[in-house]
1. For a quick check of your reading of the model, give me the residue pairs whose first member lies in region 208-235 and is farther than 13 Å from residue 161 by Cα, whose second is more than 11 Å from the ligand (Cβ to nearest atom) and of a type in the set (Asp, Glu), with beta-carbon atoms closer than 6 Å and at least 6 apart or on different chains.
2. Kindly list, by first and then second residue, each pair from a residue in region 176-192 that is over 19 Å from residue 155 (Cα atoms) and open to solvent by 10 Å² or more (accessible area, probe 1.4 Å) to a residue that is of a type outside the set (Phe, Trp, Tyr) and part of a helix (DSSP H, G or I), limited to pairs with Cβ atoms under 6 Å and residues at least 6 apart or on different chains.
3. Any residue at all in region 115-127 that's open to solvent by 40 Å² or more (accessible area, probe 1.4 Å), in contact with an Asp or Glu (Cβ under 9 Å, 6 or more places away or on another chain) and within 29 Å of residue 211 (Cα to Cα)?
4. Quickly run through region 194-212 and pick out the residues that are farther than 12 Å from residue 149 by Cβ and either within 16 Å of the ligand (Cβ to nearest atom) or not in a helix (DSSP H, G or I) (or both).
5. Failed condition for residue 39, given (1) of a type in the set (A, V, I, L, M); (2) closer than 17 Å to residue 135 by Cα; (3) within 16 Å of the ligand (Cβ to nearest atom), with all others met?
6. If I ask for residues that are within 11 Å of the chain's Cα centre (by Cα) and among the polar types (S, T, N, Q), which ones from region 184-205 would you list?
7. So is residue 136 more than 16 Å from the ligand (Cβ to nearest atom) and at pLDDT 95 or above or not?
8. Among all residue pairs at least 6 apart or on different chains, which show Cβ distances below 9 Å where the first residue, located in region 148-165, is acidic (Asp, Glu) and open to solvent by 10 Å² or more (accessible area, probe 1.4 Å) and the second is in a helix (DSSP H, G or I) and within 10 Å of the ligand (Cβ to nearest atom)?
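The values are calculated or read from the model by the stated rules, or taken from the named source; none is laboratory data. Note that the structure is predicted; figures quoted are calculated from it, not measured. Using ideal geometry, Cβ is built from the backbone for each residue, glycine included, and neighbour counts are taken over all protein chains shown. In case anyone asks, the SASA skips ligands and DNA or RNA and just uses the protein heavy atoms, side chains included. Shrake-Rupley method; radii C 1.70, N 1.55, O 1.52, S 1.80 Å.
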Amino acid sequence: MKGLRRPDAATRLRHMHDRLARAYGPQGWWPARNTFEVILGAYLTQNTAWKAVELSLDNLRNAGALTLDALRSVALEDLQRLIRPSGFCTRKAPALKAFITMLDTEFAGSLCALAATPTQPLRRRLLALPGVGPETADSILLYALKHPVPVADEYLRRIAERHRLLTPAPEHNRKSYESLVQLTRDAFASDAAEHLVPIFNEFHALVVAVGKAHCRKTADCTSCPLAGDLRYVSA
Ligand code: SF4
């Protein structure tokens, strides 16, 4: 579109957030009851839908194993069986055990002590754990431990690609994940630091909402709240 002045990508992403917030309203994430459940959910939801995670959480609850104390003593084989509905249980169960070992040996078993660690060293520590990639680490940091870090999931990657927010288009790798995180940080750079936890929380939830409603494998742009931004794609 000739003559159309295109705002920078961070400004566009901020406007996209504003449009989604107007269209969908408050999202009220994360769908878990307490800090430890959020951490469990962040592990269990890897490569699976939340409905499957709920089945695993129900299994753990029914077995009296849905607490940090209980998971410390549950045998690895039993944990694998209880979380089987979420898939990859032979990888996720040892990963959860490794998280608890780290918590007990380095943070005196305290989630509060874990949460009190500065963001960047804590992010590096989480990323060094088995079975923890950047999306899982950032979900734990943001939703469980209340650190101001954005979560860049597959839906955001897809939207960024379709709206050409990043050049080259984001791929499925660590570098592109970090580019999306930085773009999201830039989009909210003018917001006060103390507001960033609820903002990033809500933004991720809104991205998931539009991803599920419209930006699926085949895009349904017709009534999507973000369709207006597409005019910049060919500008
Ligand atoms: S469905 Fe279309 S308008 Fe909506 S976010 Fe995806 S590409 Fe953009």
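1. none
2. Matching pairs, first to second residue: 191/199.
3. So far as region 115-127 goes, no, none of its residues is open to solvent by 40 Å² or more (accessible area, probe 1.4 Å), in contact with an Asp or Glu (Cβ under 9 Å, 6 or more places away or on another chain) and within 29 Å of residue 211 (Cα to Cα).
4. Residues satisfying the conditions are 205, 206, 207, 208, 209, 210, 211, 212.
5. For residue 39, the failing item is (3).
6. Result: 201, single match.
7. yes
8. Taking only residues 6 or more apart or on different chains, the pairs are 153/207; 153/211; 154/211.
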